[in-house]
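This report refers to the structure that appears directly beneath it.
The values are calculated or read from the model by the stated rules, or taken from the named source; none is laboratory data. Please read these numbers as outputs of a predicted model, since none were measured by experiment. Note: ideal-geometry Cβ built from the backbone for every residue, glycine included; neighbour counts use all protein chains shown.
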Amino acid sequence: MVINDIKITRSIIEEYYAFTRDFLDCDVVIVGGGPAGMTAAYYTAQQGLRTVVLESRLSPGGGMWGGGMFFNQIVFQPEAGEILQELGISYTANREGYLVVPSYRAVASLILAADRAGARILNGITAEDIMVRENRVCGVVINWTAAVKLGMHVDPLCIGGKVVIDATGHDAGIVRTYLDKSGGSLPEDEEERIRTSSMWAAKGEEMVVEYTRFITEGLIACGMSVSSLFNTPRMGPIFGGMLFSGRKAAELALDYIRK
Ligand code: 48F
């Protein structure tokens, strides 16, 4: 074959257009491609929901690349084995009783699982705002991360979804935008909120799943964004809670959409 530069360019543009066109108005928009968002994407896509993951960086994976303090091993509690197997993430059970996976394998396998389930992953794109109709979150406003970072004056586009999942990690950027704009507050009594966010992995892992929930109509928080919003204890470098939270977010989205 004689390689043709123009055909290469046309292939990229046409494929990207085809890749995104049918997902501009989809079932589930997941903002953030870390472990929680990718797990949610796997489960919603696998159930046949049209799912888009928006990731502001070039590489999805979020905080999973770095393991603990750059030691690139990801630790899961044994209860996460069932999800790891379903996602096709092979692991070693170590003598401490934990499941361990090199971070690059964990991230690569998660991305592949979500992709094979049918999720569309759009990287290098930042969700910078939300769309709300009749008190229901129904999509996000997006722009190229490069344009956002350079402060370029470029108008954004948008992606509509029946459910938006905030899986943005510590930022909880989508929920905070919603709270800022609506003047709303989190759906919990003050008393119920945990006031400490210091390290306590067992409690943190439990609470991140318990507090994975709808913040308002059409908007779910999952993963580290839940911990950040509800000040739950830090779980540090254990990741099972992120997978369980992502799976719970997917189940909530499925119930909501099927009602
Ligand atoms: O931070 P991140 O990995 O969140 P997570 O999936 O998992 C948390 C763990 O990695 C770790 C932990 C484990 O115990 O504590 O921290 O909840 O992934 C969040 C992703 O969202 C992207 C960000 O680049 C990262 O990859 N992101 C954040 N804000 C936006 C966004 C945005 N506005 N638009 C698009 N992507």
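Residue under question is Gly66, and the condition is that it be surrounded by fewer than 17 Cβ atoms within 10 Å (Cβ to Cβ) and either touching a residue at least 12 places away in the same chain (Cβ under 8 Å) or not in a helix (DSSP H, G or I) (or both); does it hold?
yes
Scanning for something in a helix (DSSP H, G or I) and at negative phi, does the stretch 151-168 turn up at least one residue?
Within the stretch 151-168, not a single residue is in a helix (DSSP H, G or I) and at negative phi.
Quick check on my filter: what residues within the stretch 229-254 are near the ligand (Cβ under 9 Å from one of its atoms), of a type outside the set (A, V, I, L, M, F, W, C) and not in a loop (DSSP other than H, G, I, E, B)?
Arg234, Gly240, Gly241, Ser245, Gly246
Taking the condition more than 10 Å from the ligand (Cβ to nearest atom), modelled with pLDDT under 95 and over 20 Å from the mean Cα position of the chain (by Cα), does Ser90 pass?
no
Given (1) at pLDDT below 95; (2) farther than 30 Å from Cys138 by Cα; (3) not charged (D, E, K, R), identify the lone condition not met by Leu84.
Just one mismatch for Leu84, condition (1).
For Arg105, which of the numbered conditions (1) in contact (Cβ under 8 Å) with a residue 12 or more places away in the chain; (2) surrounded by fewer than 16 Cβ atoms within 10 Å (Cβ to Cβ); (3) outside any helix (DSSP H, G or I) fails to hold?
Failing condition for Arg105: (3).
Name the single residue that is nearest to the chain's Cα centre (by Cα) among those in the stretch 108-119 being touching a residue at least 60 places away in the same chain (Cβ under 8 Å) and more than 14 Å from the ligand (Cβ to nearest atom).
Start the filter on the stretch 108-119 by keeping residues that are touching a residue at least 60 places away in the same chain (Cβ under 8 Å), which leaves 110-111, 113-114, 117-119.
When the remaining residues are screened for being more than 14 Å from the ligand (Cβ to nearest atom), the result is 113, 117-119.
Values: Ala113: 14, Ala117: 15, Gly118: 15, Ala119: 12 Å.
The residue in question is Ala119.
Would you mention how many residues in the stretch 217-228 are away from the ligand (no atom under 11 Å from the Cβ) and in a strand (DSSP E or B)?
Final tally of qualifying residues: 2.
Each row is one residue, and each column tells you yes or no for (1) within 28 Å of Ala127 (Cα to Cα); (2) of a type in the set (Val, Ile, Thr).
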| position | (1), (2) |
| --- | --- |
| Thr51 | yes, yes |
| Arg57 | yes, no |
| Trp65 | yes, no |
| Val75 | no, yes |
| Ala80 | no, no |
| Thr92 | no, yes |
| Ala106 | yes, no |
| Ala113 | yes, no |
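Would you pick out the residues in the stretch 236-250 that are surrounded by fewer than 24 Cβ atoms within 10 Å (Cβ to Cβ) and of a type in the set (Gly, Ala, Ser)?
Of everything in the stretch 236-250, just one residue is surrounded by fewer than 24 Cβ atoms within 10 Å (Cβ to Cβ) and of a type in the set (Gly, Ala, Ser), namely Gly236.
Determine if the stretch 169-182 includes at least one residue that is touching a residue at least 60 places away in the same chain (Cβ under 8 Å), within 14 Å of the ligand (Cβ to nearest atom) and buried (at least 24 other Cβ atoms within 10 Å of the Cβ). It would help to see each step written out before you state the result.
Of all residues in the stretch 169-182, those touching a residue at least 60 places away in the same chain (Cβ under 8 Å) come to 169, 173-174.
Still in the running and within 14 Å of the ligand (Cβ to nearest atom): 169, 173-174.
Still in the list and also buried (at least 24 other Cβ atoms within 10 Å of the Cβ): 174.
The answer is yes; a qualifying residue exists.
Quick check on Val140: is it within 22 Å of Pro60 (Cβ to Cβ), outside any helix (DSSP H, G or I), more than 14 Å from the ligand (Cβ to nearest atom) and of a type in the set (Val, Ile, Thr)?
No: the conditions fail for Val140.
When you check Ser185 against the structure, is it polar (S, T, N, Q), at pLDDT below 95, within 12 Å of the ligand (Cβ to nearest atom) and on the phi < 0 side of the Ramachandran plot, yes or no? Step through it out loud before you land on a result.
Details: polar (S, T, N, Q): yes; at pLDDT below 95: yes; within 12 Å of the ligand (Cβ to nearest atom): no; on the phi < 0 side of the Ramachandran plot: yes.
No, not satisfied.
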